[in-house]
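As structure tokens, the structure follows; a few thoughts come after it.
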Amino acid sequence: MKYYFVLGNHPALSIAELYSRLTIISGNYIKPDIFIAEVSDDINCEEFLDTIGGTIKMGKIITSIDNKPHSIFTTSLDFLREAPKQGKFNFGLSSYAKPRIDTKKVGLALKQALKNEDISCRFVVSKEKTLSSVVVEQNKLVGTGRELVYIGSNNQILCGVTLAVQPFKKLSERDYGRPARDDRSGMLPPKLAQIMINISGAKKDESILDPFCGSGTVITEAILMGFNTIIGSDISAKAIEDTRTNIRWVKDIYRRQINPELKIVDARQLSKYYKLDSVGAIITETYLGPQRGAIDIQKVSRELGELYNQALKEIFLVLKKGGRAVIALPAFMSNGRPILLELNIGKFKNETIVPHNLDIHLGITTRNSFVYGRDDQKVWREIIILGK
């Protein structure tokens, strides 16, 4: 089966997540934000996107066609004819092809053709070049309606149908609606927490540990993703209480029964509290340093580097052999370039997830980590993946 994925704002990180969750027979990255994957089994797209943070929308490739107006029109019309219809039928078109297909022209022609066949329909358009996940959901283009997409370049293009969009309302609620938020201890976005959990490769029956749990985003997302043994710790008593508050909130909304284990622990002393070689995966965001005002980058980088190098030694001790540690570290931006912490990873090895044959380098460092952030941020995140 062949699927397409519209990627988030860090394509390399999004692709790494897909390779961590799917058995991909072959993959093709189409700049700037499309990934085509042939996989061994069918995907329940709606359930899949509930636990995937780096994909905005996805669907199945239905055919390959000539990049000619007649082929595009007839193929699209045949597919829209076959779609189940209840009352008025909504459809939309998005072109990720190069050169871009005039979807408005094609869509109006399709609308007229369907009308001539006594099929009541509405053609959904947008100010953007492609239909966003918000437009797709609000206009019910998944389920009762249809969004067709055109992907590729030159003479041949792929035609696909959207089967799911990222649950942006739920993610926003868990980000901005959670009762305990602390911008000093960190506000890891839920979708980035999902990406990090997926990249860890942890199995649902393995234990996972967040040793800098902050307000508990990794913990709560792991609950929703179905993990059974979840451990959170932090040196701050307030962080542990914030995590408890957010766990209660998520359990109440989503009807979950699991009770994660929480402790006040200095990450530099993990082996005093947890058995050696006992944790299946460690997923965490460290304190990223000061976010506002003048920052002495060299001083802060040196101090945080020393702290996290001590923590890495303890993380190695409690992590199982074959397990991964996925850690978000600060990356301080200076003149448009990230300044990374000096790390001593000891016996860990830097994991490579994105295949080298994919032509994607943006945001990947020389140590195979991912630099993640927005242009207006002083402090970005470096997502580093370490294997034991």
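Results, tabulated for the structure shown:
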{"read-out": "Portion, in percent, of the accessible area of the chain that falls on carbon or sulfur, probe 1.4 Å", "value": "48 percent"}
{"read-out": "Segments 233-241, 24-32 sorted - mean Cβ within 10 Å per residue, highest first", "value": "233-241, 24-32"}
{"read-out": "List Y273, Y4, Y176, ordered by accessible area with a 1.4 Å probe, largest first", "value": "Y176, Y273, Y4"}
{"read-out": "Between helix 190-200 and the chain: long-axis angle, C-alpha atoms, 0 to 90°, nearest 10", "value": "80 degrees"}
{"read-out": "Per residue, in Å², the accessible surface of region 307-388 once ligands and nucleic acids are set aside, probe 1.4 Å", "value": "51 Å²"}
{"read-out": "Expected 222 nm ellipticity per residue - DSSP helices of 4 or more, -39500 (n - 2.57), all of the chain, to 500", "value": "-9500 deg cm²/dmol"}
{"read-out": "Under 15 Å from K140, Cα to Cα: aspartates and glutamates that are on another chain or at least 8 residues apart", "value": "E46"}
{"read-out": "Formal net charge of residues neighbouring K347 (Cβ-Cβ distance under 15 Å; K, R +1; D, E -1)", "value": "+3"}
{"read-out": "Accessible area in square angstrom per residue, region 225-275, 1.4 angstrom probe", "value": "56 Å²"}
{"read-out": "On Cα atoms only, tilt of 11-21 relative to the major axis of the chain in degrees", "value": "80 degrees"}
{"read-out": "K2 paired with L307, simple spin-label distance in nm, labels 7 Å along Cα-to-beta-carbon", "value": "4.9 nm"}
{"read-out": "Region 1-107 - accessible surface per residue (Å², probe 1.4 Å)", "value": "45 Å²"}
{"read-out": "Residue-level accessible surface for S153, protein heavy atoms, 1.4 Å, Å²", "value": "50 Å²"}
{"read-out": "Share, in percent, of DSSP beta bridges within the chain that are antiparallel, nearest 5", "value": "65 percent"}
{"read-out": "Above-threshold pairs, the threshold being 18 Å between Cα atoms, out of K191/K313; K98/K191; K127/K170; K2/K57", "value": "K191/K313; K98/K191; K127/K170"}
{"read-out": "Degrees separating the helix 297-318 axis from the principal Cα axis of the chain, which is the longest one", "value": "90 degrees"}
{"read-out": "q = 0.11, 0.14, 0.22 Å⁻¹, region 245-383: log10 I(q)/I(0) [Debye, one scatterer per Cα]", "value": "-0.52, -0.82, -1.32"}
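The values are calculated or read from the model by the stated rules, or taken from the named source; none is laboratory data. Bear in mind that the values here come from a model prediction, so they are computed numbers and not experimental data. Glycine also receives a Cβ, built like all others from the backbone with ideal geometry; neighbour counts cover every protein chain displayed. Just the protein is used for accessible areas: all its heavy atoms, side chains included, with ligands, DNA and RNA removed. Shrake-Rupley method; radii C 1.70, N 1.55, O 1.52, S 1.80 Å.
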